[in-house]
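Below is one structure, written out as C-alpha cells; comments come after it.
The values are calculated or read from the model by the stated rules, or taken from the named source; none is laboratory data. What you see is a predicted model, and the numbers here were worked out from it, not measured in a lab. Cβ placement follows ideal geometry from the backbone for every residue including glycine, while neighbour counts extend to all protein chains displayed. In case anyone asks, the SASA skips ligands and DNA or RNA and just uses the protein heavy atoms, side chains included. Shrake-Rupley method; radii C 1.70, N 1.55, O 1.52, S 1.80 Å.
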Amino acid sequence: MPRLTPDEVAKYRSDGYVIPHFRLPDEEIKHLRSALDELIRANPDVRPEKLVSAHIEGRNSEGVYGSGTFLQLAQRPDIIDLVSNLIGEDIILWGCHIFCKPGGTGYETPWHQDGHYWPIRPLATCTVWIALDHSTIENGCLRVVPGSHKEQTLFGHVRDDREDIALSDSTVQNAFDEKKAVNLVLEPGQMSMHDVYMIHGAAANSSPRRRAGVAIRYMPATSVFERNLNPLDGKSGVPVNFAERPLWLLRGKDRTGRNNFEIGHHRGDA
Ligand SMILES: O=C(O)CCC(=O)C(=O)O
C-alpha cells in the first residue's frame, strides 16, 4: 500500500514539496526531543543549527558527536515507504542534519537549493524534514518556493560570510520571486518532503520558542555519492566530510554499482 496518496505525489511533482498526512506519534516525538537534548549537551561547541550527521553514533568526522536514535528514525520503514513513493525502491540514506533554532537567537537559513551543496550525480535527493517542535511563522518555519525545482537547474548562489546564518550561500535573487514563497507550518510529528532542486530557506528565530527539525536525506540508488566532489570546497558554513560520509542502502539495490557502503562505518569515539 502506498503511504502517500496520489494527490500527495502529484503535489510533490508539481510544487517540489509536500506535507504528507502521515505523522509520527507523540511518544516518538517525546523520545526524539530527549535525544536532541542529549545531543545538544554532548556538543557544547557546535551551533544547534549545524548538527550535521547527527545520526552517526559517536564522534563523527564532521566534528559532531551523534546519536543512534536519529539513525533509527531515518531507518523507520514507514518513513522509507513515504520516500519510496517519490524516488523509487532503491534508496540510500546519506545524511541527517538537525536544524535546531533556539528561541531568540536561532540563525536564519538563507534561500538555497540543496543541490548547490551536494556531491550526488545525477543530482537527486528527497529530504524528509520532521518537526520536533511547533514550527510556525513566528519561530522561523521552513519556507519554500513552489515549482522552483521544475527546471531541474541549479541557479547561482552567492557567499555570505556572516556568522549568524545556518548555511553560507544563498540563491541569487533574480532566480525566484520571494513573494511566491509559502510557509510550512508544522506541528510536532508532522513532516515535509522536498526535492533537491527546490529553493527554500527559513527566517531567524526571534520568538521565545525553539524551532527544531530533523532533515533526513535519501537519494535514489540510481545516483552516485561522488566522494571526491566537494562542490563548495569545504566552505558551506557547516563542516562536511563527504569523503568519509557513511552510506546506508536501506532498500533495493545500488543500481550504479559505484556507491561505497563500507567507508565511514567505523564507530566513533565512545
Ligand atoms: O530547517 C531549516 O532551517 C533549513 C532546512 C534545510 O535547508 C534543509 O533541510 O534542506
How much accessible area per residue does the chain have, in Å², with a 1.4 Å probe? 43 Å²
What percent do you get for the relative contact order of segment 6-251 when only Cα pairs under 8 Å and 6+ apart count? 32 percent
HN-Hα J couplings of segment 224-238 from phi, Karplus 6.51/-1.76/1.60, θ = phi - 60°, integer Hz, Gly and Pro as x? 10, 7, 7, 5, 8, 9, 10, x, 10, 6, x, 10, 9, x, 10
Given labels modelled 7 Å from the Cα in the Cβ direction, how far is it in nm from THR153 to ASP78? 4.0 nm
For every helix of n ≥ 4 consecutive DSSP H residues, a contribution of -39,500 (n - 2.57) applies; sum these over the chain, divide by its total residues, and give [θ] at 222 nm rounded to the nearest 500 deg cm²/dmol. -5000 deg cm²/dmol
In whole percent, how big is the carbon plus sulfur part of the accessible area of segment 6-251, probe 1.4 Å, protein atoms only? 50 percent
Förster-model FRET efficiency, 25 Å R0, ARG41 and THR105, C-beta, rounded to 0.05: 0.90
For a quick check: with amide H placed at 1.01 Å from N, whose amide H comes under 5 Å from HIS157's, ignoring anything fewer than 5 positions away on the same chain? VAL172
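The chain: Rg/Rh from Cα coordinates, Kirkwood Rh?
Over the Cα atoms of the chain, Rg/Rh equals 0.92.
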What relative contact order, as a whole-number percentage, does segment 109-231 give when Cα pairs under 8 Å and 6 or more residues apart are counted? 51 percent
Taking N as the residue count of segment 104-186, its alpha carbon Rg divided by 2.2 N^0.38 Å gives 1.15
Around GLU187 (Cβ within 11 Å, Cβ-to-Cβ, excluding GLU187; K/R +1, D/E -1) the net charge comes to -1
Applying a 10 Å radius around every beta-carbon, put 215-221, 175-181 in order of their mean neighbour count, most first. 215-221, 175-181
Taking 30 Å as R0, compute the FRET efficiency from the Cβ-Cβ separation of GLN173 and HIS21 and round it to 0.05. 0.30
Share of pairwise Cα separations in segment 25-165, more than 23 Å, in percent: 43 percent
For the chain, built as a Gaussian network whose Cα springs stay under 10 Å, the top-fluctuating residue of PHE242, PHE99, PHE22: PHE22
